[in-house]
Amino acid sequence: MCGIVGYAGNRNGADIVLAGLRALEYRGYDSAGLVTFTSQKTIEAVKRKGNVDELEKAIKKRKLIGATTLGHTRWATHGEPSETNAHPHTDAAGRVFVVHNGIIENHKELRAYLEARGHVFVSETDTECVAHLIAEFISRGADFESALFSALAKIEGSYAFAIIDRENPDTIYAARLSSPLVIGVGEHENFLASDPSALIESTKRVIYLKDREVATITKSKITTTDLNRRLTPMNIEELEWDLEAAQKGNFPHFMLKEIFEGPEVVRTAMRGRLKKNVLKLGGLDLVRDKLDSMRRLVILACGTSYYAGLVGEYIFEEIAGIPTEVHFASEFRYRNEPFEPGTVALAISQSGETADTLAALKKAKEAKLLTLGLVNVVGSSIARETDAGIYNHAGPEVGVASTKAFLSQLTVLTMMALSLARKKQKINRELMDELQRIPEKIEAVLKQAEAMKRLAAKYSAYENFLFLGRRYNYPVALEGALKLKEISYLHAEGYGAGEMKHGPLAMISPEFPTIAVVPKNSVSEKMYSNIEEIRARKGPVLAIASEGDKKIASIADDVFYIPKTLEPLEPLLAVIPLQLFAYYIGTALGYNVDRPRNLAKSVTVE
Ligand code: F6R
């Protein structure tokens, strides 16, 4: 995810900002940039695709030494990773320089308005419109600060902005809404960053900017105001983190941090796409006609992304009314199936680089199918290969085992199915409303993490596990088993509960526990019967069940309750306890849960 670092003081700002950007590298990025005032009071910006080393080389070559400086690492959201799309962005006159984290939801409207007013854009980013918008207000006679506040009043979405003005060489302006910014308080110098880990080398005294606050930072003074330019109180806090802890946001592992990002990734996936009952998936607009005549959807993916696809299969069939099938990409690429006209392929991939998924996609293209992508990493190979698609915008996933990407994939698949739905059904409107309540419900599940920790401690004594679910929760059972295998190296199998009698029941014994995903839904009675069959063979059962389910406590040994929701959305809640279960067992057994043995984050080999 993008990172911001700023410096106001007498030292060489480029050195300090580069060090700060390095501290943010763990977040993942694809390009970097910096703007500084030189000793001659001119302003210079340097941007590079690639890593901070590339940026540093370019700065050294130009012997760039300056004081007030802003830097940025970009993780592409709007527009591919490139030097042009890297931050900072500026207006035509090169007066206003902006770096930005977040997404400006109304950037298309702003851009159209500004282009009509003669502003020429050079990048594909949403951020660039901010520099032009401020310049537009200045051109109408406003001073810089008034122009900044007028621009903020017009911007919708989420932002952390750091901005400098060529005519105010000692000052950094910063503003935030739903994207973090923290000011570092120094001696005759001050700092700014999107994450405290970029500040720790320089200072431990910080002020967290609040939503809808604007800060003005020079080397000797910091002020904060609200959006009406009224001063707001500042509270200086002491950072207690070490660098490693700061990068993980005080979580002991990236995996846990990313599980706890669940509510945010679901919100981000919906941001600018779903609000109240209005659903807009701009990424599909170009191919909308072809999608309207689609006769079959073929989903291609691997691992966790494949399990998200399996949930998608139910959603597309039940909600959109589109016949759907899901394939392991590694199998699909070697099949010789006939394709009927109107077949569309959808590749799902967090990394966008998985070799098998890419090869399956190429095969779909050779067969002249329309190809769609559901990808997290912008500009990745799969994103580039597809005809159209939707990005997750879930931010980089550092833990090797996929957690938050799965939630994001489910959210986007639900929105896609709703947007392609062939008939109007009451459930579709209900799903739209309920999806917007899901982040809060995930928060409620996460509040019970300690209870899951205790359950995991109890179950960590076993060596074999069966995970069971039905319908929408069948893929959740598969994903729960995969997570446990990856993180704890214990034997775990996921099954559709109806299949149990056809084989796996033979394994059940007091030494072989079952994790049953059994929310109260159209198949819970069937699930209860399966649990009874396991209990009759003295198999221990941990149930993931709905709040208020009175029966489950009498048939399962342990129960973890999740809030009630609509059946197609249950996986978004039911998978969280299973992710936590795997995490706590893995850590209880002393494994490196962020980097499980033998596994890679991006599987670029077949
Ligand atoms: C499981 C996991 C893998 C990936 C799979 C596909 O936790 O991380 O199973 O889901 O390698 O990766 P992407 O989604 O990047 O194509």
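The values are calculated or read from the model by the stated rules, or taken from the named source; none is laboratory data. Predicted model, so just to flag it, every value in this text is computed and none were measured. Cβ atoms come from the backbone with ideal geometry, glycine included; neighbour counts cover every protein chain shown.
Quick one: how many residues across segment 399-438 are in a helix (DSSP H, G or I) and away from the ligand (no atom under 16 Å from the Cβ)? Working first, answer last.
First, the residues of segment 399-438 that are in a helix (DSSP H, G or I): 404-420, 426-435, 438.
Applying the additional criterion that residues be away from the ligand (no atom under 16 Å from the Cβ) yields 414-420, 426-435, 438.
Selection size over segment 399-438: 18.
If you check A394 against the conditions, is it closer than 12 Å to V266 by Cα, within 15 Å of the ligand (Cβ to nearest atom) and outside any helix (DSSP H, G or I)?
Values: closer than 12 Å to V266 by Cα: yes; within 15 Å of the ligand (Cβ to nearest atom): yes; outside any helix (DSSP H, G or I): yes.
Taking the combined requirement at face value, the residue satisfies it.
Please work out which one of (1) modelled with pLDDT under 95; (2) more than 13 Å from the ligand (Cβ to nearest atom); (3) of a type in the set (D, E, K, R) is the condition D387 fails and give its number.
Every condition holds for D387 apart from (1).
Hey, among the residues in segment 166-186 that are in contact (Cβ under 8 Å) with a residue 60 or more places away in the chain and in a strand (DSSP E or B), which one's farthest from the chain's Cα centre (by Cα)?
Across segment 166-186, the extreme among qualifying residues is I172.
For F121, which of the numbered conditions (1) farther than 24 Å from K49 by Cα; (2) surrounded by fewer than 24 Cβ atoms within 10 Å (Cβ to Cβ) fails to hold?
Among (1) farther than 24 Å from K49 by Cα; (2) surrounded by fewer than 24 Cβ atoms within 10 Å (Cβ to Cβ), F121 violates only (1).
Return yes or no: is A506 in a helix (DSSP H, G or I), away from the ligand (no atom under 16 Å from the Cβ) and either at negative phi or more than 35 Å from the chain's Cα centre (by Cα) (or both)?
Against the criterion (in a helix (DSSP H, G or I), away from the ligand (no atom under 16 Å from the Cβ) and either at negative phi or more than 35 Å from the chain's Cα centre (by Cα) (or both)), A506 qualifies.
What are the residues in segment 303-338 that are more than 14 Å from M415 (Cα to Cα) and among the acidic types (D, E), if any?
Within segment 303-338, E325, E331, E337 qualify.
Any residue in segment 376-392 that is within 21 Å of K363 (Cβ to Cβ) sitting within a Cβ distance under 8 Å of a residue that is near the ligand (Cβ under 10 Å from one of its atoms) and among the β-branched types (V, I, T)? List the pairs, counting only those 6 or more apart or interchain.
I382/T354; I382/T357; I382/V375; A383/V375; A383/V377; T386/V375; G389/V375
Checking K362 against (1) surrounded by fewer than 19 Cβ atoms within 10 Å (Cβ to Cβ); (2) closer than 23 Å to L482 by Cβ; (3) within 16 Å of the ligand (Cβ to nearest atom), which single condition isn't satisfied?
Failed condition: (2).
Being away from the ligand (no atom under 13 Å from the Cβ), crowded, with 19+ Cβ neighbours inside 10 Å and assigned to a loop (DSSP other than H, G, I, E, B): is that true of V378 here?
Answer is yes for this residue.
If a residue counts only when it is in contact (Cβ under 8 Å) with a residue 40 or more places away in the chain and out of contact with any Lys or Arg (no Cβ under 7 Å at 6 or more places or on another chain), which strands (runs of 3 or more DSSP E) contained entirely in segment 1-49 have at least 3 such residues?
It comes to 3-8, 31-38.
So for segment 577-597 (the condition being more than 15 Å from I442 (Cβ to Cβ), within 16 Å of the ligand (Cβ to nearest atom) and of a type in the set (D, E)), does at least one residue qualify?
Within segment 577-597, one or more residues are more than 15 Å from I442 (Cβ to Cβ), within 16 Å of the ligand (Cβ to nearest atom) and of a type in the set (D, E).
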